[in-house]
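Peer 1: This is the structure, below, for whatever I ask next.
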Amino acid sequence: MKKVKILAFAMVIAVMMMGMAYAAWTDQLVLQTTVQTGIMDVNYIQGDGLPYIEADDYVNASVSFDPADEGNDTLNVSISNLYPGATATLSLGIVNDSTIPVIGKLFVNGAEGNTLDLTKLFVSYNGQSLGSVHDVIDAYKDGVDVAEFDVGQSEFVTLVFTLDPELTGDEQENCSAAFTVKLDCRQYNDNPLV
């Protein structure tokens, strides 16, 4: 009987030791995390005369914020009384008010009431020719990348519109152009500019 008690006692001790061994080799880790995403907010700089448009003599040009756009991300541009070789220069300031780096993008879209053939109106961006306004509207449906912006960084941009200097006679006479320039952005790490 003594052997049975010793054996039972040994089994109880063995089971207790297994529990302690299991407890010694297991652990639990609890992680609590909070994720806050960034905000993308790129804006035109307003004030100090920006945005503004200058034009050659006799050319009428204007720029204004689109009243239907509450975020003031869309500019209405109109140019009239152009002649071959005449230019209008749109100057913009853009600032990254985001909490993350972004790539600013400009979209040019034709507006209703255009009487000027937009294939005859050429545009350059900071001195780089983009082709005709028509080409830009067609080819840059995803926008023209302006610049990579760090948080709080600003950039000044010029868009120069030139009526085809090769026009002769009364071609495109008494015509006007109207279009919008919309500002947008995308994440910097979404395919940075190379």
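The values are calculated or read from the model by the stated rules, or taken from the named source; none is laboratory data. Source: prediction; values computed, not measured. When we count neighbours, we look across all protein chains shown, and the Cβ atoms used for this are built from the backbone with ideal geometry, even at glycine. Heads up: the accessible areas ignore ligands, DNA and RNA and are worked out on the full protein's heavy atoms, side chains in. Shrake-Rupley method; radii C 1.70, N 1.55, O 1.52, S 1.80 Å.
Peer 1: Per residue, what accessible area does the stretch 4-137 have, given a 1.4 Å probe and all protein chains present, in Å²? Don't skip to the answer; put the middle values down first.
Peer 2: Working: 8470 Å² over 134 residues.
Value for the stretch 4-137: 63 Å² per residue.
Peer 1: Taking the Cβ-Cβ separation of residue 46 and residue 173 as r and a Förster radius of 35 Å, what is the calculated FRET efficiency to the nearest 0.05?
Peer 2: The pair residue 46/residue 173 has a calculated efficiency of 0.50.
Peer 1: Cβ neighbours within 10 Å, averaged per peptide: list 150-160, 6-16, 117-127 in order, most packed at the top.
Peer 2: So the order, starting with the most tightly packed, is 117-127, 150-160, 6-16.
Peer 1: How far apart, in nanometres, would the label points at residue 154 and residue 129 be if each is projected 7 angstrom from Cα along the Cα-to-Cβ direction?
Peer 2: Inter-label distance under the simple model: 3.2 nm.
Peer 1: What ranking, highest mean first, results for peptides 68-78, 177-187 when packing means the other Cβ atoms within 10 Å averaged over each residue?
Peer 2: Sorting 68-78, 177-187 by mean packing, highest first, produces 177-187, 68-78.
Peer 1: Can you give the calculated 222 nm mean residue ellipticity of the chain, where each DSSP H run of n ≥ 4 adds -39,500 (n - 2.57) and the sum is split over every residue, rounded to the nearest 500 deg cm²/dmol?
Peer 2: Computed mean residue ellipticity for the chain: -5500 deg cm²/dmol.
Peer 1: Take a quick pass over the chain and tell me how many lysine pairs come in under 27 angstrom between Cα atoms, counting only ones 8 or more apart or on separate chains. The partial results should precede the final answer.
Peer 2: Details: 105/120; 105/141; 105/182; 120/141; 120/182; 141/182.
Lysine pairs, 8 or more places apart or on different chains, close enough: 6.
Peer 1: Using Cα-Cα distances under 8 Å and only pairs 6 or more residues apart, what relative contact order does the stretch 71-169 have, in percent?
Peer 2: Value for the stretch 71-169: 46 percent.
Peer 1: Between 14, 181, 88, whose Cα lies farthest towards the positive end of the dipole of the chain when Lys and Arg beta carbons carry +1 and Asp and Glu beta carbons carry -1, centred on the Cα centre?
Peer 2: Ranked along the dipole, the leading option is 14.
Peer 1: A follow-up question, please. How far is it, in nm, from the label point at residue 30 to the one at residue 66 when both lie 7 Å from their Cα along the line to the Cβ?
Peer 2: The answer from the label model is 5.1 nm.
Peer 1: Given an 8 Å cut-off on Cα distances and at least 6 residues of separation, report the relative contact order of the chain as a percent.
Peer 2: Working: 377 pairs, mean separation 53.6, N = 194.
The normalised contact order for the chain reaches 28 percent.
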